[in-house]
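Single-structure report; data block below.
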Amino acid sequence: MIQVLPWDHLCTLERLMALHARGIREHRGMLGVRELGCPEGTLAAAWNGMTYYPGQQEDDILLFAAYLLFYFAKKQCFIDGNKRLAWSSMSEVLAQEHLEVDVSIDEAEQFVKDIANNQVTRVEQVRAWIVKNLRGLTRLPPAH
């Protein structure tokens, strides 16, 4: 029996692992989980953080994306590619709402490094940065 988790409509563990594998394939590094259960626990922590955030009334996709970026950059669940996975999981969730963070690669890398190195210490800072740099994705017209 497959267990459906409340965050599966935004990011499944299988998709998270596929994003990690793609990042390793494209940028090199070693596949592997550093701590058993860490990816699953971090997904759950992001959902719980969003769900129980003070004043939270409903699903806030921006807050969930911010928690994914924040927690995966900090927790280092994988042997390699943690910061790439943090960024790609955040981007994947935002893309479901036709949103993306519009910054240069250098700006993105620096921000994720700042999170990982404790220069950014609160998820509120991450969410504010995402909102400041957010733009809508251009939808393609339907094919004829």
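Please return the longest range in the chain lying between exposed loop sites, taking trypsin sites (Lys or Arg not before Pro), DSSP loop only, at most 12 other beta-carbon atoms within 10 Å, and leaving the sites out.
Longest run free of exposed loop sites: 29-121.
What order do you get for Glu26, Glu97 when you list them from fewest to most C-beta neighbours inside 10 Å?
Neighbour counts put them in this order, fewest first: Glu26, Glu97.
Which whole DSSP H helices in the chain pass both tests: a Cα extent of 18 Å or more along the axis and a mean Kyte-Doolittle value no lower than -0.5?
Membrane-span-like by this rule: 13-27, 38-51, 61-75, 82-95.
Quick check: net charge around Lys83, other residues with Cβ under 9 Å of its Cβ, Lys/Arg +1 and Asp/Glu -1?
+1
From a point 7 Å beyond the Cα of Arg34 in the direction of its Cβ, which residues of the range 64-107 have a backbone N at a distance under 16 Å?
Residues 69-87 qualify, since their backbone N sits under 16 Å from the label point.
What relative contact order, as a whole-number percentage, does the chain give when Cα pairs under 8 Å and 6 or more residues apart are counted?
So the answer I get is 25 percent.
Treating the beta-carbon of each Lys and Arg as +1 and of each Asp and Glu as -1, no other charges, what is the dipole magnitude of the range 13-136 about its Cα centre, to the nearest 20 debye?
That gives the range 13-136 a dipole magnitude of about 400 debye.
Values in this text are rule-based calculations from the coordinates and carry no lab data. Keep in mind the model is a prediction, meaning the values are calculated, not measured. Reconstructed Cβ throughout: ideal geometry from the backbone, glycine too, with neighbour counts over all protein chains shown.
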